[in-house]
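Trainee: Structure provided below as structure tokens; questions to follow.
The values are calculated or read from the model by the stated rules, or taken from the named source; none is laboratory data. Owing to the predicted nature of the structure, the values given are computational and were not obtained by experimental measurement. Note that we place each Cβ from the backbone using ideal geometry, even for glycine, and neighbour counts take in every protein chain shown.
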Amino acid sequence: MFRVIRKIFFSLCAAAITLAALWAAGLILYGTMIARAAPQQPEEVTDALIVATGGQNRIVEGVRLLDDQKAKLLFISGVNKGVKVETLTGPQPPCCITLGYKAQNTKENAQESLEWVKSNNVNSLRLITSDYHMPRAYLEFKHHFGNDITILKHPVREKRHRIFSRAFLELVFEEYHKYLATWISQRTGT
């Protein structure tokens, strides 16, 4: 009996150590991926630009890309009710900007954006969000959009997040777990 209990105990310990090692390796890989994040095919022109609100410089970058004619349409998802285009872009906003007011989180950003994409016959888009948020945002958008629409990643680095500073590492730690929760949720259908 003691041998069986000892065998089960060591098997559980081995499984726990393996899971901890996989978790730690994933966290390091995730942090490295964010530290190296760069816009995907930056010269490519897409049908639309989509900004998922929430961090600094995302909207500024979306408007800059619109001005640079990287797309003809810009959708900003997750805007607070009552905010107008002029509030975000200045008194003379560029044309072709649409604000979405429904989304309260990343999953809802993808859902709200999909509605807008379908109503505007968009086949390719550039997703603009913070570098630390991009893996989870891209996971949500791909899950909702499928493979019919080309999504190029355009991560934006926030000036206040110096790579490998304590604030950056805390943010990576938190976002990594949100990413894992989203990934698991999508795989299990919960």
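Trainee: Are any residues in region 14-43 assigned to a loop (DSSP other than H, G, I, E, B) and over 20 Å from A167 (Cβ atoms), and if so, which ones? Please lay out each step first, then the result.
Mentor: If we filter region 14-43 for residues that are assigned to a loop (DSSP other than H, G, I, E, B), which is where we start, we get 36-43.
If the condition is that a residue be assigned to a loop (DSSP other than H, G, I, E, B) and over 20 Å from A167 (Cβ atoms), then A38, P39, Q40, Q41, P42, E43 are the ones that fit.
Trainee: While we're looking at this one, here's another question. Please go through region 1-47 and give me each residue that is under 30 Å from T150 (Cα atoms), polar (S, T, N, Q) and at pLDDT 90 or above, ordered by number.
Mentor: Q40, Q41, T46 - these are the residues of region 1-47 that are under 30 Å from T150 (Cα atoms), polar (S, T, N, Q) and at pLDDT 90 or above.
Trainee: Regarding region 68-78, can at least one residue be identified that is out of contact with any Gly (no Cβ under 8 Å at 6 or more places or on another chain) and either in a helix (DSSP H, G or I) or touching a residue at least 60 places away in the same chain (Cβ under 8 Å) (or both)? Quick ask: steps written out before the conclusion?
Mentor: Of region 68-78, the ones out of contact with any Gly (no Cβ under 8 Å at 6 or more places or on another chain) are 68-73.
Filter once more, so that each one left must be either in a helix (DSSP H, G or I) or touching a residue at least 60 places away in the same chain (Cβ under 8 Å) (or both): none.
Scanning region 68-78, I find no residue that is out of contact with any Gly (no Cβ under 8 Å at 6 or more places or on another chain) and either in a helix (DSSP H, G or I) or touching a residue at least 60 places away in the same chain (Cβ under 8 Å) (or both), so the answer is no.
Trainee: Considering only residues that are among the β-branched types (V, I, T) and in contact with a Lys or Arg (Cβ under 6 Å, 6 or more places away or on another chain), which ones fall in region 141-190? If you could, list the steps in order and put the result at the bottom.
Mentor: Looking only at region 141-190, we keep the residues that are among the β-branched types (V, I, T), and these are 149-151, 156, 163, 172, 182, 184, 188, 190.
Correct list: V156, T182.
Trainee: Quick check on region 19-30. Is at least one of its residues under 24 Å from Y179 (Cα atoms) and either among the aromatic types (F, W, Y) or under 14 Å from the mean Cα position of the chain (by Cα) (or both)?
Mentor: Initially, region 19-30 is screened for residues under 24 Å from Y179 (Cα atoms), giving 19-30.
Filter once more, keeping what is either among the aromatic types (F, W, Y) or under 14 Å from the mean Cα position of the chain (by Cα) (or both): 23, 30.
Among the residues of region 19-30, at least one is under 24 Å from Y179 (Cα atoms) and either among the aromatic types (F, W, Y) or under 14 Å from the mean Cα position of the chain (by Cα) (or both), which makes the answer yes.
Trainee: How about region 87-189: which helices (runs of 4 or more DSSP H) wholly inside it have at least 3 residues that are touching a Gly at 6+ places or on another chain (Cβ under 9 Å)? Quick ask: steps written out before the conclusion?
Mentor: Numbers: elements: 106-119, 134-145, 166-188.
Once the helices (runs of 4 or more DSSP H) in region 87-189 are filtered for at least 3 residues that are touching a Gly at 6+ places or on another chain (Cβ under 9 Å), what remains is 106-119, 166-188.
Trainee: Find all pairs meeting these conditions: Cβ atoms under 8 angstrom apart; at least six residues apart or on different chains; first residue within region 26-46 and surrounded by 12 or more Cβ atoms within 10 Å (Cβ to Cβ); second residue acidic (D, E) and in a loop (DSSP other than H, G, I, E, B).
Mentor: Close Cβ pairs (under 8 Å, with a partner that is acidic (D, E) and in a loop (DSSP other than H, G, I, E, B)) amount to I34/D131; A37/D131.
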